[in-house]
Amino acid sequence: MSDRGDGSVFRIGFTVLDRQIVDADGDNVGKVDDVEFEWREGEPPTMTALVSDTAALGPRIAGRLGRSWEVLLGRLRPSDEEPTLIRSEDVERFAPSTVLSIPAPSGMRPMETWVAEHIICRIPGGRR
Amino acid sequence: MRWLTAFTLGLLTAVGGFLDIGDLVANAVVGSRFGMTLAWVMLVGLVGLMLFTEMSARVTSTTGRGTFDLVRERLGSRVGLANLLASYLITLLTFAAQLGGIALALELASGIHYLLWVPVAAALVWIVLWRVPFDRMEKIYGFMGLALVVFGVALWRLGPDWGVLLEDALAFAPPADEGTAVWWYYAIALFGSAMTPYSVLFFSSSGVEEKWTPKDLATARVNIFFGLPLGGLLALAIMGCAAVALLPAGIQVSDLGQVALPVVSSLGKIGVVIAILGFFAATFGASLESGLAAGYAVAQYFGWQWGKELPPRRAAYFQLVILGGLLAGTLFVLTGVDPITVTEYSLVLSAAALPLTYLPIFVVANDRSYLGDRVNSRFTNVLGSVYLVLLSAVSLAAIPLMVYTKAGQ
């Protein structure tokens with residue numbers, strides 16, 4: 001994944017992080033908030049998954065603000081659930097936006113689903 | 001009729017750029033204190049707004065993505081977040097000011113104190129944001145804003161010496177009884193009011209809502225190059241009315257009623273009715289614009305599903321942000337702060353934050369990986385660079401000048 005055929009370098013910080021993720025149906029999934037690597041003995045590390053989870057942005061903001069960001073937003077997620085990872089194989093292309101070859105993984109933002117069901121749908125006209 | 005409905009989006013955007021409560025007041029204040037000596041700022045602001053709105057329209061129609069969507073991508077999560085916070089707070093402040101503006105217009109119409117109208121205004125805004133389809137919203141408020149043409153008619157009926165007005169406009173110096181610092185302070189406020197970031201955010205995001213493709217770029221340009229100047233012209237008319245009718249009489253504008261005074265003296269009751277209708281439409285349109293723009297910015301930074309056209313439950317966070325903004329704005333105005341004061345501060349803060357919005361647009365509009373061969377032409381880049389220098393200078397000078405002049409006193 002390091003060098004592409006045309007000789008240009010694939011820079012994760014530039015081409016992957018903070019890009020909009022769009023699923024196969026064209027719906028917004030989220031941003032690439034972080035990436036996950038796998039590092040086997042004797043092999044170069046490879047990017048295995050994209051993390052789209054606003055709490056994961058915390059360490060990247062750094063400092064006290066970043067830490068409290070991570071803790072606060074982490075609390076908003078049910079404790080028995082882990083942030084959804086998107087495997088690198090499911091990505092069709094990275095730039096200009098990250099397009100997936102699969103539909104959005106379910107349960108990406110449990111809080112948003114809750115808000116939709118308990119607040120938005122209760123407002124008259126919210127069920128359109 | 002079709003050619004007329006083709007640029008309602010531009011008209012509505014122009015309301016945000018030139019005719020929202022901040023602009024209405026700023027233009028009349030400036031006219032009543034400095035005559036037409038600051039008219040050049042409107043021209044500079046208009047060219048700048050057209051330039052950058054065209055850039056973002058090009059980005060949107062080619063990539064199908066809104067401005068803030070790209071801000072984080074290009075500036076990174078940290079700078080993007082700082083940018084988001086600044087833009088969001090300023091847009092929210094502007095939004096609150098517009099709600100106050102609607103209430104003030106209703107007070108003018110009814111004589112009932114504006115604070116009682118604030119909840120009504122908020123409810124009306126909410127209903128439109130929640131239920132009215134995008135294109136109908138754009139047409140209704142774009143057209144209604146045209147009621148402010150009454151200021152043009154009033155100016156013409158006042159029969160000013162056009163030569164003197166033009167001479168004033170070209171003088172490039174404050175009138176004898178006003179200081180240079182105050183003059184520059186108002187120049188910056190006026191510039192900030194013309195280039196308010198939320199109008200560009202709104203325009204580019206509504207391009208996404210209306211699913212622009214490169215084919216729609218021509219329509220978008222008609223909107224930009226006809227709709228925006230019309231707004232600028234109306235704003236100049238308001239300034240002109242104040243310069244002709246209020247400056248000689250020594251009246252300094254401090255509330256919305258005084259903005260309409262020149263119309264009273266030249267067109268009588270019917271004129272006032274139309275002017276108040278125009279105030280209502282303009283502040284209402286601007287509150288829709290800024291309310292949506294706040295939601296767009298947050299949703300685009302985090303990559304959520306967003307859009308007024310989507311069923312609300314599919315864009316739950318986006319709707320929640322809009323509702324939260326509406327609530328916060330309403331409560332803020334209900335504390336009894338003077339909406340006019342809020343407006344004036346929001347203009348200067350906008351001026352200070354200008355490069356935050358326009359620099360990323362400029363960067364993306366030059367990126368071939370997004371735009372292919374639709375990147376900025378050399379002419380656009382030269383002009384754009386000049387403006388970026390200007391925007392940075394304005395942004396640096398805004399707060400110190402505000403402190404130095406005690407906010408223009």
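Structure notes:
- Unmet criterion (only one of (1) surrounded by fewer than 24 Cβ atoms within 10 Å (Cβ to Cβ); (2) more than 14 Å from chain A (Cβ to nearest Cβ); (3) in a helix (DSSP H, G or I)) for B:P160: (3)
- Some residue of region A:62-73 being of a type in the set (S, T, Y) and more than 12 Å from chain B (Cβ to nearest Cβ): yes
- Looking across region A:32-53, the residues that are free of Cβ contacts under 8 Å to residues at least 24 places away in the same chain and not in a loop (DSSP other than H, G, I, E, B) come down to A:V35, A:F37, A:E38.
- Filter result (in contact with a Leu (Cβ under 9 Å, 6 or more places away or on another chain), farther than 23 Å from A:F94 by Cβ and hydrophobic (A, V, I, L, M, F, W, C)) within region B:44-77: B:V44, B:L46, B:V47, B:L49, B:M50, B:L51, B:A57
- Condition met for B:V79 (on the phi < 0 side of the Ramachandran plot, at pLDDT 95 or above and surrounded by fewer than 22 Cβ atoms within 10 Å (Cβ to Cβ)): no
- Criterion applied to B:A218, B:A176 was being outside any helix (DSSP H, G or I) and free of Cβ contacts under 8 Å to residues at least 40 places away in the same chain, and the one residue passing it is B:A176.
- Residue within region B:88-104 that is surrounded by 16 or more Cβ atoms within 10 Å (Cβ to Cβ), farther than 28 Å from B:S205 by Cβ and in contact with a Pro (Cβ under 7 Å, 6 or more places away or on another chain) present: no
- Counted residues, region B:326-343 - those being crowded, with 23+ Cβ neighbours inside 10 Å, at pLDDT 95 or above and not aliphatic (A, V, I, L, M): 1
- Residues in region B:240-256 that are surrounded by fewer than 20 Cβ atoms within 10 Å (Cβ to Cβ), in contact (Cβ under 8 Å) with a residue 24 or more places away in the chain and over 20 Å from the mean Cα position of the chain (by Cα): B:L247, B:I251, B:Q252.
- Restricted to region A:74-128, and to residues there that are of a type in the set (V, I, T) and more than 13 Å from chain B (Cβ to nearest Cβ), the residue that is surrounded by the fewest Cβ atoms within 10 Å (Cβ to Cβ) is A:I102.
- Residues that are aliphatic (A, V, I, L, M) and outside any helix (DSSP H, G or I), drawn from region B:272-331: B:L310
The values are calculated or read from the model by the stated rules, or taken from the named source; none is laboratory data. Worth saying up front: this structure is predicted, and the values here are computed from it rather than measured. Ideal geometry is used to build each Cβ from the backbone, glycine not excepted, and the neighbour counts take in all protein chains shown.
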